[in-house]
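A.B. asks: I have a structure here, written as C-alpha cells, and I will follow up with some questions on it.
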Amino acid sequence: MSIRPIEDVAKDLGLSSAEWEPYGRSKAKLELSVLGNPARAKGRLILVSAINPTPAGEGKTTTSIGLAMGMRKLGKNAVLALREPSLGPVFGVKGGGTGGGKASLFPADDINLHFTGDIHAITTAHNLLSAIVDNSAYFRDENGGVGVIDPRQITWGRALDMNDRFLRNCIVGLGGKSHGIPREERFDITAASEIMAVIALATSYEDLEARLGNIVIGSTYDGTAVRARDVSAHSAMTAVLRDALRPNLVQTAEGGPAIVHAGPFGNIAHGCNSVLATRLAMSLGDYAITEAGFGFDLGGEKFLNIKCRQAGIWPRAMVLVATLRALKMHGGASVKTCGEPNAAALEAGLTHLEKHLQNAHTFGLTAVVAVNAFPNDTEEELALVEGAVQKLGARFARCLGFAKGGDGATELARVVTEVVDKTDHPSRSTSTSSRTRRRRRSARSRRPSTARRTWSSAALRRRTSSEP
C-alpha cells in the first residue's frame, strides 16, 4: 500500500485547510462550500455498472477503484465517488464494500464499520421520527390541523443497520397505558431508510430539511396523509444529520483520492452515492468515476433516470463490468459450477451481455466492457468474450486490479480515457418532460427481450458473425 497522510490527499485536490475537517489520521469531512467555488478540473463523469451479478457480486467497486488507480498510473487526475457500505452486507454473504485485493480503499476496516458515523446518524434521525410519530398518535395531537394520526395507518417503521429477520415484523407499545399504543411495527435496515435516499439526493441543508419534511409517515383517521413536517420533526432530523450530509474523503490503496458518501440500496431506492459526492469529484477531478448498484438494468438506469436528472449531470462513458462466471450462470450453468471452464454456457450467456449493451445504447452511452478477471479464467474463454464484444460494437478491456492494483488496470484505464476524451460534452437530455418519458418508454417497448432466450453455440456464432 502507498498510504499517505489525509492532508496530502486533500492538498492534491487543491483543498485549503478550511475546506476539509480531519476525522482522525486517515479520514476527513469535506465542506459543502467547496461546491460554491469554480470547478478546478474538467469533471468528465464515468459510470461503472455491471451485468446482472451472481450472489457474490462481480466486482463493480473493485473495478471502479482499479480504474481510478490505473488512470492515476497514467498521470490522469482521477477522483473516485463511491457508496458507503452497510453493516448488514458487511457481516453477511457479500462482506465489505471497499473493493478487494490490491484494488481497495483505505482505511477499509473503518469504512466498513463505523466510518465517520454517517449511517449511525441516519439511523438516529430515522428513529427520532418514529418516536415523534408514536408520541403524536399517543397524545392524539392535531398536528397543525392535519388531524390525529391513526396508529393503524402508520407507515413509517424503525431502522437498524443490521440484518435481523426477527425484527422485520414485531409488536411495540406493550407494557400498559403509559407505555404507548400496542401496534404492529417493522425494522428496516438503515440503507433501506428513506432518509438514506434523501441524504443521497440532497444538495444543501435547506434542500435536506425540505426533503425530510416531505416524508409521508402515515394517515389520519379520515385518510389524510401526514408528513414529517406536520409533526414538526424535520428540523430536528436535519440537526441530527448536520455532519452526515458532508461527504467523506479517504484514499485508495495507492494514495489516490476517494470520496465515499451515502449508500441507499438499489432494489428499493436508487443505489448510488450522493449527488454532493459526485459533484465534488467532478469539480476536483478531470475524471470522476462513480458506480451504481446491482446490474445496469436496475442501479444503472436509476442512476441515469433519477440521480442524473436531479443533479443535471450525465456520464461521458459507461464501464460495464462482467465476469466469466456470471456470463456462464446466465448461460445456464449453476452458481456452484459457473467458475469452471464451460464454453457452451459462456457463449449462451453472451446474449445477456448483449442486452445490457442495447440498454446502454438506448441512453446514448458509449460502453466499455471490463472483464474482471479471476485466476481460474482461461485465455480461450477470455478471447471468446473479447471477440463477441468487438462484434457487438463495444470496446473491451481486462481488469486485473484485484491482483495487481493500478498496474493491472492500466489497459482498462487507457481504453476508458480514450473513449471519454473522444466523447463530446454529454448532450443527452435530462428533461423530465412527459414527451421525453413517453419517447423513451416507446423505444424500450420495441426492444426485443432476450431475458428468457437461450442460444445454442452454433446459433450465437451465426448471430454475431452476421452483425457489423
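A.B. asks: Quick one: what pairs do we get from region 136-154, first residue within 26 Å of Cys170 (Cα to Cα) and touching a residue at least 60 places away in the same chain (Cβ under 8 Å), second hydroxyl-bearing (Ser, Thr, Tyr) and not in a helix (DSSP H, G or I), C-beta under 7 Å, 6+ apart or different chains?
C.D. replies: If the second residue must be hydroxyl-bearing (Ser, Thr, Tyr) and not in a helix (DSSP H, G or I), the pairs left are Val148/Thr220; Val148/Tyr221; Ile149/Thr220; Asp150/Ser219; Asp150/Thr220; Asp150/Tyr221; Gln153/Ser219.
A.B. asks: Moving to a separate point now. From the set of residues in region 212-247 that are polar (S, T, N, Q) and in a helix (DSSP H, G or I), which is nearest to Ala200 (Cα to Cα)? Steps first, please.
C.D. replies: So the first thing to find is which residues in region 212-247 are polar (S, T, N, Q), and the list is 214, 219-220, 224, 232, 235, 238.
Now narrow it down to the ones that are in a helix (DSSP H, G or I): 235, 238.
Numbers: Ser235: 18, Thr238: 14 Å.
For region 212-247, the residue satisfying everything is Thr238.
A.B. asks: Which of the following residues is surrounded by fewer than 14 Cβ atoms within 10 Å (Cβ to Cβ), within 27 Å of the chain's Cα centre (by Cα) and either part of a helix (DSSP H, G or I) or without any contact (Cβ under 8 Å) to a residue 40 or more places away in the chain (or both): Glu418, Glu380, Glu354?
C.D. replies: After applying the criteria, what remains is Glu418.
A.B. asks: Restricting attention to region 23-35, and to residues there that are outside any loop (DSSP other than H, G, I, E, B) and touching a Lys or Arg at 6+ places or on another chain (Cβ under 8 Å), which single residue is surrounded by the most Cβ atoms within 10 Å (Cβ to Cβ)?
C.D. replies: Step one: filter region 23-35 for residues outside any loop (DSSP other than H, G, I, E, B), giving 28-30, 32-35.
Subsequent filtering for residues that are touching a Lys or Arg at 6+ places or on another chain (Cβ under 8 Å) retains 29-30, 32, 35.
Working: Lys29: 19, Leu30: 23, Leu32: 17, Leu35: 17.
By that ranking, first place goes to Leu30.
A.B. asks: Another question, if that's okay. Looking only at region 131-144, filter to residues that are assigned to a loop (DSSP other than H, G, I, E, B) and in contact with an Asp or Glu (Cβ under 9 Å, 6 or more places away or on another chain); which one of those is modelled with the lowest pLDDT? Can you show your working first?
C.D. replies: Initially, region 131-144 is screened for residues assigned to a loop (DSSP other than H, G, I, E, B), giving 140-144.
Now drop any that are not in contact with an Asp or Glu (Cβ under 9 Å, 6 or more places away or on another chain), which leaves 143-144.
Details: Asn143: 97, Gly144: 92.
Filtering region 131-144 for residues that are assigned to a loop (DSSP other than H, G, I, E, B) and in contact with an Asp or Glu (Cβ under 9 Å, 6 or more places away or on another chain), the one modelled with the lowest pLDDT comes out as Gly144.
A.B. asks: Please state which one of Gly299, Gly332 is under 28 Å from Ala200 (Cβ atoms), touching a residue at least 12 places away in the same chain (Cβ under 8 Å) and out of contact with any Leu (no Cβ under 8 Å at 6 or more places or on another chain).
C.D. replies: Details: Gly332 fails: under 28 Å from Ala200 (Cβ atoms).
Going through Gly299, Gly332 in turn, the sole match is Gly299.
A.B. asks: Restricting the search to region 58-78, which residues are at pLDDT 95 or above, within 11 Å of Asn372 (Cα to Cα) and not in a helix (DSSP H, G or I)?
C.D. replies: none
A.B. asks: With the requirement that a residue be surrounded by 21 or more Cβ atoms within 10 Å (Cβ to Cβ) and out of contact with any His (no Cβ under 9 Å at 6 or more places or on another chain), what does region 219-237 give you?
C.D. replies: Applying the first criterion (surrounded by 21 or more Cβ atoms within 10 Å (Cβ to Cβ)) to region 219-237 yields 226, 228, 230-231, 233-234, 237.
Those that are surrounded by 21 or more Cβ atoms within 10 Å (Cβ to Cβ) and out of contact with any His (no Cβ under 9 Å at 6 or more places or on another chain): Val226, Asp230, Val231, Ala233, His234.
A.B. asks: With the condition kept exactly as written, say whether any residue in region 99-110 is among the acidic types (Asp, Glu), touching a residue at least 24 places away in the same chain (Cβ under 8 Å) and surrounded by fewer than 22 Cβ atoms within 10 Å (Cβ to Cβ). Give the steps one after another, and end with the answer.
C.D. replies: Step one: filter region 99-110 for residues among the acidic types (Asp, Glu), giving 109-110.
Filter once more, keeping what is touching a residue at least 24 places away in the same chain (Cβ under 8 Å): 110.
Okay, now just the ones that are also surrounded by fewer than 22 Cβ atoms within 10 Å (Cβ to Cβ), so 110.
Within region 99-110, one or more residues are among the acidic types (Asp, Glu), touching a residue at least 24 places away in the same chain (Cβ under 8 Å) and surrounded by fewer than 22 Cβ atoms within 10 Å (Cβ to Cβ).
A.B. asks: Ok, one more. Does Arg414 qualify as being touching a helix residue (DSSP H, G or I) at 6+ places or on another chain (Cβ under 7 Å), within 30 Å of Ser2 (Cβ to Cβ) and at pLDDT 50 or above?
C.D. replies: For Arg414, the condition - touching a helix residue (DSSP H, G or I) at 6+ places or on another chain (Cβ under 7 Å), within 30 Å of Ser2 (Cβ to Cβ) and at pLDDT 50 or above - is not met.
A.B. asks: Among (1) free of Cβ contacts under 8 Å to residues at least 40 places away in the same chain; (2) within 30 Å of Arg25 (Cα to Cα); (3) surrounded by fewer than 21 Cβ atoms within 10 Å (Cβ to Cβ), where does Thr203 come up short?
C.D. replies: Tallying (1) free of Cβ contacts under 8 Å to residues at least 40 places away in the same chain; (2) within 30 Å of Arg25 (Cα to Cα); (3) surrounded by fewer than 21 Cβ atoms within 10 Å (Cβ to Cβ), Thr203 fails exactly one: (1).
A.B. asks: Please go through region 290-327 and pick out each residue that is outside any loop (DSSP other than H, G, I, E, B) and touching a Lys or Arg at 6+ places or on another chain (Cβ under 6 Å). I'd like the intermediate steps shown before the answer.
C.D. replies: Of region 290-327, the ones outside any loop (DSSP other than H, G, I, E, B) are 290-292, 296-311, 317-322, 324-327.
If the condition is that a residue be outside any loop (DSSP other than H, G, I, E, B) and touching a Lys or Arg at 6+ places or on another chain (Cβ under 6 Å), then Glu291, Val321 are the ones that fit.
A.B. asks: Another one. Within region 79-89, count every residue that is under 15 Å from Ser104 (Cα atoms) and not charged (D, E, K, R). Don't jump to the end; show me each part of the working.
C.D. replies: Step one: list which residues in region 79-89 are under 15 Å from Ser104 (Cα atoms), which gives 79-85.
Now drop any that are not not charged (D, E, K, R), which leaves 79-82, 85.
Final tally of qualifying residues: 5.
A.B. asks: Determine, yes or no, whether Met196 is within 27 Å of Lys302 (Cβ to Cβ) and outside any helix (DSSP H, G or I). Quick ask: steps written out before the conclusion?
C.D. replies: Numbers: within 27 Å of Lys302 (Cβ to Cβ): yes; outside any helix (DSSP H, G or I): no.
For Met196, the condition - within 27 Å of Lys302 (Cβ to Cβ) and outside any helix (DSSP H, G or I) - is not met.
A.B. asks: Here is a further query. So which residues in region 60-104 are touching a helix residue (DSSP H, G or I) at 6+ places or on another chain (Cβ under 8 Å), closer than 30 Å to Ala159 by Cβ and of a type in the set (S, T, N, Q)?
C.D. replies: Answer for region 60-104, where residues must be touching a helix residue (DSSP H, G or I) at 6+ places or on another chain (Cβ under 8 Å), closer than 30 Å to Ala159 by Cβ and of a type in the set (S, T, N, Q): Thr62, Ser86, Thr98, Ser104.
The values are calculated or read from the model by the stated rules, or taken from the named source; none is laboratory data. From a predicted model like this one, the values you see are computed outputs, not experimental measurements. For neighbour counting, all protein chains shown are included, and Cβ atoms are generated from backbone atoms with ideal geometry for every residue, glycine included.
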